[in-house]
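Engineer: Following this message is one structure expressed as structure tokens.
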Amino acid sequence: MHHSPHVIARRDGRAGRILLNRPAALNALDLPMIRTIAATLAAWREDPEIHLVVIEGAGERAFCAGGDIRALRDHQLDGDRPPIDAFFTEEYALNAAIAAYPKPYVALIDGVCMGGGIGVSVHAPYRVATEHALFAMPETAIGFFPDIGASFFLPRLPGRIGVYLGLTGARVRGADAAHAGLATHFTPRAGLPALAQALAADGLGALAAHAAPLPPFGLAPHRDAIDRCFAAPTIPDLFARLATEGTAWAEETRTALRAVSPSALFWTRRLLAEGEGRTLAQCLAAEFALGRTSMRHPDFVEGVRAMVVDKDRTPRWSPARMEDVVPADIAALFD
Ligand code: QUE
């Protein structure tokens, strides 16, 4: 079996426990980690002593910050396609395997949970978030798009919250993630070790026993505006709707959307709309296809440079303005 040193799989009572153990990289997933998780889940499927699976991140900063996007950019710059295809093929297969897993799968999410981290949690039936959990799908900021099955689950969140999260990359903390449907339970960080022990000893009943009441939804004041604006059929119409709101929230949202890749807004809007009518498997296939074409767009290499490699956070998008995006150039990525 492929075994990554950054994944620790062990038995604990009734549970199989998977620890993402790459804290210096915020537990971001590379291909060996994905293979190790997949092989572990496959082995535990048939193991009568494993009644449920629990996945956690090492350290307090992150559950999992995403994929190893820096390595993918390097391969793209080298014109080396096979490792990119292998990464996405196996990552998306893992997302699908988690969605179809025959035993209960529980993600304990404390700290950053973005992109690929959402992919190894949100498709499972149980996602426990703490007050320090921080969820986001921030890919438009790197000239990519919400993948890992996001075109399946984002359109299925309440109202237009998923479209809002996927286009803006907005971050939501644990309680708000539970309100939004990204998490299913809210348990304070202080209660997480006891919850993990109780899951191993007693099973799923521990989830409700260790859950805390949800504080009010931080997005509640903006729910109507989110649903109004993010129902817009096009990106220019979304900007126009935000402009008519006349609130500080709408201005902040417009500013956030102005910072991300204009082209990524267009291809993400289309992908999420198409996802409404697709199965998870169809969504993952469409995301794989769009990944192959959109990664050739200069905004991916530039976005990862600005946000992850150089961290100057000043990407030079091409085109730089939403108004200059050519619809035919976007459509060509979907052929
Ligand atoms: C947007 C993103 C990602 C990001 C930053 C963004 C992303 C991702 C990472 C990341 C973080 C830490 C790591 C790493 C990658 O950062 O998807 O290898 O150690 O994986 O602004 O979408």
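Engineer: Only one residue in Glu139, Glu91, Glu131 is without any contact (Cβ under 8 Å) to a residue 60 or more places away in the chain, acidic (Asp, Glu) and either in contact with a Lys or Arg (Cβ under 9 Å, 6 or more places away or on another chain) or within 26 Å of Gly291 (Cα to Cα) (or both). Which one? Step through it out loud before you land on a result.
Structural biologist: Values: Glu139 fails: without any contact (Cβ under 8 Å) to a residue 60 or more places away in the chain; Glu91 fails: without any contact (Cβ under 8 Å) to a residue 60 or more places away in the chain.
Just one listed residue meets the conditions, Glu131.
Engineer: Identify, please: which residue in the range 258-272 is of a type in the set (Lys, Arg) and within 19 Å of the chain's Cα centre (by Cα) and is, among those, least open to solvent (accessible area, probe 1.4 Å)?
Structural biologist: Filtering the range 258-272 down to residues of a type in the set (Lys, Arg) leaves 258, 269-270.
Now drop any that are not within 19 Å of the chain's Cα centre (by Cα), which leaves 269-270.
On the way: Arg269: 28, Arg270: 90 Å².
So, considering only residues that are of a type in the set (Lys, Arg) and within 19 Å of the chain's Cα centre (by Cα), the one least open to solvent (accessible area, probe 1.4 Å) is Arg269.
Engineer: A further question follows. Do you know which of the residues in the range 163-181 that are within 16 Å of the ligand (Cβ to nearest atom) and not polar (S, T, N, Q) is nearest to Gln282 (Cα to Cα)? Quick ask: steps written out before the conclusion?
Structural biologist: Initially, the range 163-181 is screened for residues within 16 Å of the ligand (Cβ to nearest atom), giving 165-172.
Add one more test, that the residue is not polar (S, T, N, Q), and what stays is 165-167, 169-172.
Values: Leu165: 21, Gly166: 18, Leu167: 21, Gly169: 23, Ala170: 26, Arg171: 27, Val172: 27 Å.
Among those residues, the one meeting the criterion is Gly166.
Engineer: Give me the helices (runs of 4 or more DSSP H) completely within the range 1-114, filtered to those with at least 2 residues that are within 16 Å of the ligand (Cβ to nearest atom), modelled with pLDDT of 95 or more and open to solvent by 50 Å² or more (accessible area, probe 1.4 Å), ordered by residue number. Show your work before the answer.
Structural biologist: On the way: elements: 31-45, 69-78, 81-99.
Qualifying helices (runs of 4 or more DSSP H): 69-78.
Engineer: Something else: Among Arg316, Arg305, which is farther than 12 Å from Phe266 by Cα, in contact (Cβ under 8 Å) with a residue 12 or more places away in the chain, within 16 Å of the ligand (Cβ to nearest atom) and open to solvent by 70 Å² or more (accessible area, probe 1.4 Å)? Quick ask: steps written out before the conclusion?
Structural biologist: On the way: Arg305 fails: open to solvent by 70 Å² or more (accessible area, probe 1.4 Å).
Exactly one of Arg316, Arg305 is farther than 12 Å from Phe266 by Cα, in contact (Cβ under 8 Å) with a residue 12 or more places away in the chain, within 16 Å of the ligand (Cβ to nearest atom) and open to solvent by 70 Å² or more (accessible area, probe 1.4 Å), namely Arg316.
Engineer: Okay, next question. Which one of the conditions (1) open to solvent by less than 20 Å² (accessible area, probe 1.4 Å); (2) closer than 14 Å to Ile142 by Cα does Lys311 fail to meet, given that it meets all the rest?
Structural biologist: With respect to (1) open to solvent by less than 20 Å² (accessible area, probe 1.4 Å); (2) closer than 14 Å to Ile142 by Cα, Lys311 is out only on (1).
Engineer: A further question on this structure: Scan (1) of a type in the set (S, T, N, Q); (2) touching a helix residue (DSSP H, G or I) at 6+ places or on another chain (Cβ under 8 Å); (3) open to solvent by 50 Å² or more (accessible area, probe 1.4 Å) for the single condition Thr255 breaks and write down its number.
Structural biologist: Condition not satisfied by Thr255: (2).
Engineer: I'd like to verify a number: residues in the range 282-301 that are under 17 Å from Phe153 (Cβ atoms) and open to solvent by 70 Å² or more (accessible area, probe 1.4 Å), how many?
Structural biologist: 1
Engineer: Right, next: Select from the range 115-139 the residues that are part of a loop (DSSP other than H, G, I, E, B) and over 23 Å from Ala100 (Cα atoms) and write down the one among them that is nearest to the ligand (Cβ to nearest atom). Explain how you work it out, then say what you get.
Structural biologist: Filtering the range 115-139 for residues part of a loop (DSSP other than H, G, I, E, B) gives 115, 120-125, 130-133, 137-138.
The next check asks that each one be over 23 Å from Ala100 (Cα atoms); those that pass are 130-133, 138.
On the way: Thr130: 20, Glu131: 22, His132: 17, Ala133: 16, Pro138: 4 Å.
Of everything passing the filter in the range 115-139, Pro138 is nearest to the ligand (Cβ to nearest atom).
Engineer: Something else: If only one of Asp202, Asp176, Asp147 is out of contact with any helix residue (DSSP H, G or I) (no Cβ under 8 Å at 6 or more places or on another chain) and more than 27 Å from Asp12 (Cβ to Cβ), which one is it?
Structural biologist: On the way: Asp202 fails: more than 27 Å from Asp12 (Cβ to Cβ); Asp147 fails: out of contact with any helix residue (DSSP H, G or I) (no Cβ under 8 Å at 6 or more places or on another chain).
Every option except Asp176 fails the conditions.
Engineer: Let me ask something else. Quick one: in the range 128-157, which of the residues that are touching a Cys at 6+ places or on another chain (Cβ under 9 Å) and farther than 17 Å from Glu287 by Cβ is most open to solvent (accessible area, probe 1.4 Å)?
Structural biologist: For the range 128-157, the residue satisfying everything is Leu134.
The values are calculated or read from the model by the stated rules, or taken from the named source; none is laboratory data. All values derive from a computational prediction rather than experimental measurement. When we count neighbours, we look across all protein chains shown, and the Cβ atoms used for this are built from the backbone with ideal geometry, even at glycine. Keep in mind that these areas ignore ligands, DNA and RNA; they rest on the heavy atoms of the full protein, side chains included. Shrake-Rupley method; radii C 1.70, N 1.55, O 1.52, S 1.80 Å.
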